[in-house]
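Quick notes on the structure that follows.
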Amino acid sequence: MRRARLACLCACLTVVLFPACQQAAEEEAKPAAAAPPPAGQPTPKLRLPEGQHVHHQHEGMDMDLDGAVMNENTEKLPQDCPKIAGDVEITVKAGKKYARQYPGKMFSYDRNEWEAGPCTRVKLTFINEDPVRHQWMMHGLPMYLYPQAMFHIEVTGPAQKTGTFILPSTKRTYFVHCDIAQHMEKGMKGQLKVAGGDGDLLSIPGIVGDRYPDRYEVGDWGWPVALGAGFAGLLGAGLMFWFGRKADQPGPSEAP
Amino acid sequence: MKIPSRRTLTIVVVVVLVIAAGVASWWWMRMPPYEPAPPTKEFALGTVEPPCPDLHPSWRPSQVIDDVTIGESLDCEPDNPALVAAVVKGTNNVSHTTLMDSGLAMDAVVLENDRDGDGDPDVVHIKLEVAELNGRSPEVNFPVPTYSIAPGIQPGFWTFVPKPHGMATKDIYSMAASPLLRMPSPTIRVEAGDTVRVTLENTHYLPHTIHFHGVDHPYFLDNPLHGEHRGNDGVPETSHAATLPGESFTYELTPRQTGTMLYHCHEQPPVHVMMGLMGIFVVEENRPDNWVQTINVGAGQVRHPAAAIKERYASEYDLLYQEVDRDLGDAIKAANDPRLIGKATTSGFDITKASSEYFLLNGYSFPYTIRDSLIVVEPNQKVKLRMANGGDDRSIAIHTHGHKLAITHYDGIEQNPSAWITRDVFDLAPAQRLDLVLDTTDDGLHSYGQGVWMVHDHREKALTNDGVFPGGSMSLIVYKPYLRENGLPTLHGVDLKPFFTKEFYQRKFPVWASYDRDRMLVEPESVPPSLMGALSLAFLAGLALGGVGLAGYHFGRTRRVGR
């Protein structure tokens with residue numbers, strides 16, 4: 001499907017210098033003055049740029065060295081919302097440490113379920129506490145406002161990013177995950193419920209189980225098995241004894 | 001009922017046996033009537049994938065992106081020119097459009113600081129993640145994200161990935177891995193004398209390291225980014241503990257010597273190297289204005305060769321041969337819990353009993369190798385091949401049809417040209433590298449002329465996908481007149497269609513079924529069960545049962561009498 005371009009939020013500036021949000025660059029990051037090109041060299045010639053490009057804004061993608069916010073929407077109303085019903089702020093923390101409470105998982109969010117009212121404007125702050133990439137990617141939003149039907153924050157390391165989106169009025173459970181290979185599978189999955197949601201999603205740590213759960217080694221069955229077998233044996237012996245007694249008794253027709 | 005006497009019974013048995021023997025001898029001695037053998041079975045071809053999906057024809061021609069010249073690449077699946085531009089110029093220096101098209105994160109390849117003032121950056125900071133391909137999901141029962149080495153073949157892999165941005169899949173509608181997430185781990189390419197920092201951002205759920213094999217690197221680092229004295233060799237047992245999930249570690253090196261080297265994970269190498277965590281590491285000569293292609297995703301053709309290579313060669317290819325133990329790869333599909341996978345890939349795995357089912361060249365097995373790993377040449381050219389063995393067998397034996405190539409370097413060390421050896425089978429022990437010059441001069445020695453010439457491992461099992469030929473790491477040297485517009489060679493042999501079905505590699509479509517015009521070679525139909533046969537079988541079974549019963553009866557009777 002072709003990527004919708006309706007929500008082109010910003011003018012397409014291929015390179016924007018943003019000294020304000022410039023990273024604390026290393027000392028040697030300062031680019032050296034490029035040597036004058038020797039005569040007779042074919043064009044084009046690569047040169048280190050004079051300044052550092054640290055911020056990109058383009059087609060709904062707002063990106064810098066800390067990460068990216070995709071499809072931010074602070075104003076455009078979903079068709080079914082007459083006005084913004086309210087503003088909520090949600091802070092999501094992501095990291096390995098949040099998976100410690102779920103044995104068998106490796107990455108997670110501080111919470112795996114969020115709630116918001118219909119037509120609310122959500123200002124979402126995503127804090128990554130690991131020195132690796134994490135994402136908060138929400139699917140199922142209206143395509144006419146959010147290309148690929150998603151709102152997405154990605155933080156490239158220990159940093160944070162904030163983005164805003166407006167929810168439609170529908171009662172619905174939105175699917176949220178980190179789409180780095182194996183991060184969702186290993187626990188980084190959640191659900192955002194609007195007006196209570198329309199059910200739960202699979203494999204939400206602490207909330208919903210797995211369709212294909214793992215099989216674990218079964219522990220020592222000795223005592224329950226011995227007890228069960230002993231009980232069944234006694235019961236069986238008792239029954240046999242009782243039947244035997246019944247069979248030995250002469251029936252009424254055989255009575256002498 | 002009166003029980004027949006033993007004597008009567010014996011007579012009956014003997015008579016029956018004699019009659020049976022008579023019938024059998026008659027059957028054997030007679031002239032058999034002609035009965036036609038069953039006809040040849042019909043086989044329907046499964047869903048045929050397009051041999052070349054031809055998704056990006058515009059990527060093939062030579063082009064300039066953000067002042068980076070990207071050479072022509074005529075493969076069916078050429079490398080993304082935006083990606084090449086981003087890793088030549090640095091993800092910190094390219095335009096937004098190029099960065100977005102490359103799929104890389106902004107800090108994936110940071111190039112800066114022309115220390116020696118020779119017109120190219122001398123400080124390189126590469127960030128690598130670890131991605132799992134064809135892994136387990138607790139929600140669906142197919143491998144995610146999906147990466148096929150050949151039709152329908154999806155072994156589990158771990159691979160180093162230049163730090164991407166966005167999704168791990170191609171798009172929201174697909175479970176196929178994004179183009180950056182593939183085998184093998186990418187080639188890293190730097191200039192001698194560059195300060196190279198490689199940050200391992202461990203996005204995976206098991207510990208990993210990076211060991212720079214053959215690349216000049218200090219054992220200890222005293223003033224690294226972390227600000228401490230620590231190991232830099234990537235060996236958990238000697239140098240520094242492995243990088244745990246969700247953590248990162250920066251290696252630093254300033255290689256003084258050039259050559260074709262390797263890098264690989266040194267945590268549990270019998271498992272982690274075999275799972276795919278190995279790539280080629282090339283140190284190029286230091287030249288002025290030498291912007292090297294820092295990353296070569298999927299290895300293969302280098303679309304922006306370094307200055308010293310361009311002087312001497314028409315083109316350059318990185319060729320990494322690997323092999324795959326399917327059972328090891330399956331370990332990551334059997335569980336989702338990292339503890340269970342960790343156990344299955346350590347104490348639960350014994351490499352001394354392992355075997356390889358699949359053989360890869362640059363991450364693919366035939367037929368996919370012809371989509372992305374052709375060596376495209378013209379007459380009277382010199383082409384540089386950097387060949388490495390990432391497998392575990394005693395050696396590989398790469399044979400070039402139609403050409404004899406000279407070995408210029410062993411393990412990155414240049415030989416005196418008078419000592420160059422020219423041959424047509426190249427044996428490489430595990431982790432060895434050869435630099436080869438492919439000379440397309442048609443002199444009956446270097447080249448036998450234009451054509452479509454195979455390049456394949458002459459261990460014949462490496463010509464198969466789990467025993468099914470044709471497969472494995474074979475590729476082709478293709479002369480340009482024999483290359484079609486979509487990057488596939490003009491082939492003059494059999495129809496390739498069956499090879500682009502998963503049924504062929506599941507042994508469901510016989511090898512000759514697609515071109516046996518006379519229908520005299522393909523498998524016969526099964527024979528309908530014959531009534532006579534079934535009856536005879538039943539009669540014999542009944543006879544045997546009766547015999548056993550009779551024997552039992554007599555045994556019991558004898559005992560009773562004896563008592």
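Read-outs: derived from the displayed coordinates by stated rules, not from any lab. This is a predicted model, so every value here is computed, not measured. Reconstructed Cβ throughout: ideal geometry from the backbone, glycine too, with neighbour counts over all protein chains shown.
Under Stokes-Einstein, with the Kirkwood radius over Cα pairs standing in for Rh, what whole-number D in µm²/s applies to region A:63-112 at 25 °C and 0.890 mPa s?
The Stokes-Einstein estimate is 171 µm²/s.
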quick note, region B:371-505, DSSP beta bridge pairs, % antiparallel (nearest 5) is 90 percent
Per-residue ellipticity at 222 nm attributable to helices in chain B (runs of n ≥ 4 DSSP H, -39500 (n - 2.57) apiece, nearest 500 deg cm²/dmol) works out to -5500 deg cm²/dmol
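How many times 2.2 N^0.38 Å is the alpha carbon radius of gyration of region B:371-505?
Normalised by 2.2 N^0.38 Å, the Cα Rg of region B:371-505 equals 1.10.
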Looking only at lysines whose Cα falls under 16 Å of A:K96's and that sit 8 or more positions away or on another chain, we get A:K105, A:K186, A:K189
Karplus-derived 3J(HN,Hα) from phi for region B:82-93 (6.51 cos²θ - 1.76 cosθ + 1.60, θ = phi - 60°), whole Hz, x at Gly and Pro, runs 5, 5, 4, 4, 5, 8, 7, 8, x, 5, 7, 10
Excluding residues fewer than 8 positions from B:K404 in its own chain, the lysines with Cα under 18 Å of it are B:K382, B:K384
Its Cα gyration tensor gives chain B an equivalent ellipsoid whose semi-axes in whole Å, largest first, are 59, 30, 22
Bridge orientation stat for chain B from DSSP, antiparallel percent rounded to 5, came to 75 percent
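Where in chain B lies the longest segment free of GluC sites (Glu not before Pro) that are both loop residues by DSSP (not H, G, I, E, B) and have at most 11 other Cβ atoms within 10 Å?
On the way: sites that count: B:E42, B:E228, B:E237, B:E485, B:E525.
Between exposed loop sites, the widest span is B:238-484.
Quick one: work out the % antiparallel among DSSP beta bridges in the protein assembly as shown, nearest 5. Kindly include the intermediate steps, with their values, before the conclusion.
Working: 114 of 150 bridges.
For the protein assembly as shown, the DSSP antiparallel bridge percentage is about 75.
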Contact order relative to length for chain B, counting C-alpha pairs under 8 Å separated by 6 or more residues, stands in percent at 14 percent
Debye calc, one equal point scatterer per Cα of region A:68-194, no solvent, log10 I(q)/I(0) at q = 0.14 1/Å comes to -0.56
Mean 1/r over distinct Cα pairs of region B:104-349, inverted to a Kirkwood Rh in Å, yields 18.7 Å
Region B:139-162 and region B:325-367 have their Cα centres apart by a whole-number Å value of 12 Å
Checked against a 28 Å limit on the C-alpha separation, the offending pairs among B:K343/B:K461; B:K89/B:K333; A:K97/B:K343 are B:K343/B:K461; B:K89/B:K333
Over all Cα pairs of region B:96-203, the Kirkwood radius sets Rh, and Rg/Rh then becomes 1.06
Reduced to Cα centres, the span from region B:396-411 to region B:431-477 in Å works out to 9 Å
Per the C-alpha gyration tensor (a ≥ b ≥ c, the square roots of its eigenvalues), region B:365-444 is rounded if a/c is under 1.5, else prolate if a/b beats b/c, else oblate; here it's oblate
Shielding of B:162-170 by other chains, given as the mean Cβ count within 10 Å, works out to 5
Here, chymotrypsin sites (Phe, Trp or Tyr not before Pro) of region B:314-393 satisfying both criteria (DSSP loop; at most 13 other Cβ within 10 Å) are none
In cubic angstrom per residue, the convex hull of the protein assembly as shown built on its Cα atoms measures 306 Å³
